[in-house]
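Trainee: Before anything else, here's the structure in question.
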Amino acid sequence: MSESCNRAILDTLLPGEGDLPAATAAEFDIETHAPLLAPIAAASSRIAGNEEAFVGADETRRAEILTSVQKEMPDEFARLIAALLPDYYEAPAVLKAFGWAARPPQPQGHAIQQMDGPTAERLEKVRLRLKLWRDEA
């Protein structure tokens with residue numbers, strides 16, 4: 001299947017919203033997902049009539065087609081989604097949309113809010129307890 005078909009599938013599955021970019025605008029490596037996209041693209045093109053009909057369809061029609069594909073081949077569809085989501089949500093543009101830095105969290109780490117009083121009290125009890133049985137006494 002063509003790159004335009006793969007892009008149409010990705011942008012239909014992950015269309016973006018507000019500051020959140022669509023899949024192809026997130027600029028992660030689509031080519032790595034080509035083997036998983038191939039059966040989905042073939043089924044989508046078959047249901048639409050041909051590849052051009054699928055690519056040229058509006059987003060609503062493409063979503064209907066992909067819903068049919070999901071029902072027809074749930075395992076392949078689930079594998080594609082499972083592979084896409086981590087890459088999408090780790091893309092710099094997506095991290096930026098969520099307000100996160102597009103850098104590894106270490107060694108700088110991320111700022112977190114201070115604990116509230118009840119949480120600090122509960123954790124103090126854990127800190128003060130005796131060593132666990134597997135630790136040396």
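Trainee: Check Ala23: other-chain or 5+ apart residues with amide H under 5 Å from its amide H, H built from backbone geometry?
Mentor: Here the answer is Leu14, Gly16, since their amide H atoms fall under 5 Å of that of Ala23.
Trainee: I would also like to ask the following. Starting at 0 and stepping by 5 Å, how many percent of the alpha carbon pairs of segment 3-102 end up in each bin?
Mentor: 2, 14, 25, 23, 19, 10, 5, 1, 0
Trainee: Taking DSSP loops as anything outside H, G, I, E and B, show the longest stretch in the chain free of chymotrypsin sites (Phe, Trp or Tyr not before Pro) there with at most 11 other beta carbons within 10 Å.
Mentor: The segment 1-97 is the longest one with no such site.
Trainee: Which longest run of the chain has no exposed loop site in it, a site being trypsin sites (Lys or Arg not before Pro) in a DSSP loop with at most 16 other beta carbons within 10 Å, and the site itself not part of the run?
Mentor: No qualifying site falls inside 1-128, the longest such stretch.
Trainee: Provide the gained length on full extension for the span Ala53 to Arg79, in nm with one decimal, where the gain is 0.36 nm per separating residue minus the Cα-Cα distance.
Mentor: Length gained, Ala53 through Arg79: 6.9 nm.
Quick note: the coordinates plus some simple rules give every number you see, no bench work behind them. Predicted model only: the values in this text are computed from it and were never measured. Every residue, glycine as well, gets a Cβ built from its backbone with ideal geometry; the counts of neighbours run over all protein chains shown.
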